[in-house]
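Okay, so here's the structure we're looking at.
Bear in mind that the values in this text are calculations on the coordinates, not laboratory data. Quick caveat: nothing in here was measured; it's all calculated off a predicted structure. Reconstructed Cβ throughout: ideal geometry from the backbone, glycine too, with neighbour counts over all protein chains shown.
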Amino acid sequence: MLWHMPDTKTIMETAWSVESDQCMYGLQAPGDPMGLRLRKCTRVVLNLSGVLHLVRVCDHSHEHRHCFGSVRTPNGWIDVAKAARR
């Protein structure tokens, strides 16, 4: 368990754990005919305050597609959730 190691605990005392919604960066399922965004929440740990301004939470100014199922692409069917991890 990495989070319980002394060195990791020391780093976490001075770091920020933040969540960012990938829809705000334009994440979409490949081949989605409607072009809807995927709201995939991602947690990152940062130790550099200069990048905190890059963290974005969904502003609900757009519609979302559910992050499951499959979509057809020119290369065949692809799992939406797996595509969102890339």
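The table for this structure:
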quantity: Cα convex hull of the range 26-71 - mean projected area over all directions, nm²; calculated: 4.1 nm²
quantity: Gain on full stretching of the segment that runs from residue 53 to residue 41 - 0.36 nm per residue minus C-alpha separation; calculated: 2.7 nm
quantity: Whole-Hz couplings from phi, Karplus 6.51/-1.76/1.60, listed for the range 48-58; x for Gly and Pro; calculated: 10, 5, x, 9, 4, 5, 7, 6, 10, 10, 3
quantity: Listed residues 27, 46, 73: farthest to the positive end of the dipole of the chain (Cβ charges); calculated: 73
quantity: Tail fraction, Cα-Cα pairs, the chain, threshold 19 Å, whole percent; calculated: 51 percent
